[in-house]
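The values are calculated or read from the model by the stated rules, or taken from the named source; none is laboratory data. What you see is a predicted model, and the numbers here were worked out from it, not measured in a lab. Backbone-built Cβ (ideal geometry, glycine too); neighbour counts: all protein chains shown. What goes into the accessible areas is simple: the full protein's heavy atoms, side chains included, and nothing from ligands, DNA or RNA. Shrake-Rupley method; radii C 1.70, N 1.55, O 1.52, S 1.80 Å.
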Amino acid sequence: MIHFKHKAVLFITLYMLVGLITPLFADDDYTRLRHILVEAIEADVKATSLHLDKKTLDPQVLNAMRKVPRHEFVPSLYRRSSYTNRPLPIGYGQTISQPYMVAVMTDLLKLKPNHQVLEIGTGSGYQAAMLAELVNQVFTIEIIKPLADEAKSRLARLGYDNIETRIGDGYYGWEEHAPFDAIVVTAAGSHVPPALIKQLKPGGHMVIPVGSQFMVQQLLLIEKTADNKVKVSQIMPVTFVPLTGKH
Ligand code: SAM
C-alpha cells in the first residue's frame, strides 16, 4: 500500500509533468478565459452584495480585469489555472490574490485617471498592473527582494511604464511620493499603519486587511475626509498573508 505522503508526492510530480508536457493556451484562449473569469467575478459580487453595498463593480475595473494578462504573473506550473477565481502560489510562501478580491479592493479605491496610488505588497505585480490600467502613476513596495526583482522586470516586459517599484517595508509607506489619492495594502496587518494614514490625501481611500493570521481578518475601507477626519468601514471577512517586517 502506498503511504499517504508518497501518494501526495506522486500526485504533485504527475501534475508538474502534465503541466510541462502539454501545450499552453494561445492568446485567444487566455482572452476568452479572462472574459469568463469576469463573469464569475460579477456573479460573486452579486452574491456578496450585502457586504459591498452594491450589486456591480465599476465597469472600468471590470475592463481592466479583462485586459491584464494574469497568466503572465503566475509561475508557469500554475499558468493553466491562472483564470480560475482563486489565489495561487507565487513562491516564498506568498500568493497572487484571488481575482474577485483584487477587483473588489480596486473598486473600493474609487480611482480616477489622474490619481497617484500606493500599493503595499507587490508580490507578482498583478494588482499593480490592474491599478496602472486605471490611474496615472502607481508606486508599489515589496519586502521580499526576489519577488520585487521579478515583478519589476515582468512589469517592464509587459510595458507598464507608470509603475515605480521598491524593495522595503511598506509599513512606513513611501514618504517621498506622498500624499497618495489611494493606498491598497495586500497583506494583513495587526493594525492600520499610522504612516499610511498620514500619507493618504484628504478625500483619499485606503483598503487594508486587518487581523492576525490564524483569526478572521476584516477588509477595512478607510476614508480621509476633506477636513482630515478618518472614517473606517468594515467591508467583509478575508484571508491574507501577514504583513511582515520589523514593526
Ligand atoms: N499584490 C500581490 C499580487 O498582485 O501578486 C499579492 C500580494 S501577496 C497577497 C502579499 C505580498 O505582501 C507578499 O508578496 C509579501 O511579501 C508582501 N509583504 C508582506 N509584508 C510586507 C511589508 N511589510 N512591506 C511590503 N510588502 C510586504
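A few comments on the model shown:
- Count of residues meeting criterion [open to solvent by less than 10 Å² (accessible area, probe 1.4 Å) and over 22 Å from Met206 (Cα atoms)] in the stretch 149-190: 2
- Condition check for Leu220: more than 19 Å from Met130 (Cβ to Cβ), at pLDDT 95 or above and more than 16 Å from the chain's Cα centre (by Cα): no
- Complete set of residues in the stretch 218-238 that are farther than 21 Å from Thr48 by Cα and surrounded by 12 or more Cβ atoms within 10 Å (Cβ to Cβ): Glu223, Lys224, Val230
- Residue check for Glu133: of a type outside the set (Ser, Thr, Tyr), open to solvent by 30 Å² or more (accessible area, probe 1.4 Å) and within 15 Å of the ligand (Cβ to nearest atom): yes
- Hits in the stretch 189-235 - residues which are over 20 Å from Leu111 (Cβ atoms), in contact with a helix residue (DSSP H, G or I) (Cβ under 6 Å, 6 or more places away or on another chain) and aliphatic (A, V, I, L, M): Ala195
- Selection status of Thr84, β-branched (Val, Ile, Thr), more than 10 Å from the ligand (Cβ to nearest atom) and surrounded by fewer than 24 Cβ atoms within 10 Å (Cβ to Cβ): yes
- Filter result for Val138 (under 26 Å from Leu33 (Cβ atoms), among the hydrophobic types (A, V, I, L, M, F, W, C) and at pLDDT 95 or above): yes
- Arg79 fulfils the conditions (1) at pLDDT 95 or above; (2) within 28 Å of Ile120 (Cα to Cα) except for a single criterion, (1).
- Only one of the numbered conditions (1) open to solvent by 40 Å² or more (accessible area, probe 1.4 Å); (2) assigned to a strand (DSSP E or B); (3) near the ligand (Cβ under 10 Å from one of its atoms) is violated by His247, and that is (2).
- Restricting His51, His35 to residues that are within 30 Å of Tyr172 (Cα to Cα), in a helix (DSSP H, G or I), at pLDDT 95 or above and open to solvent by 40 Å² or more (accessible area, probe 1.4 Å) narrows the list to His51.
- Subset tally (residues that are free of Cβ contacts under 8 Å to residues at least 60 places away in the same chain, aliphatic (A, V, I, L, M) and within 13 Å of the ligand (Cβ to nearest atom)) for the stretch 152-185: 3
- Checking Ala26 against (1) modelled with pLDDT of 95 or more; (2) exposed (fewer than 12 other Cβ atoms within 10 Å of the Cβ), the condition it does not meet: (1)
- Among the residues of the stretch 87-100, just one is among the aromatic types (Phe, Trp, Tyr) and more than 9 Å from the ligand (Cβ to nearest atom), namely Tyr100.
- Considering the stretch 88-121, the residues that are touching an Asp or Glu at 6+ places or on another chain (Cβ under 7 Å) and open to solvent by 10 Å² or more (accessible area, probe 1.4 Å) include one that is nearest to Phe73 (Cα to Cα), namely Gly121.
- Members of the stretch 191-217 that are within 16 Å of the ligand (Cβ to nearest atom) and open to solvent by 10 Å² or more (accessible area, probe 1.4 Å): His191, Val192, Pro194, Ala195, Ile197, Val210, Gly211, Ser212, Gln213
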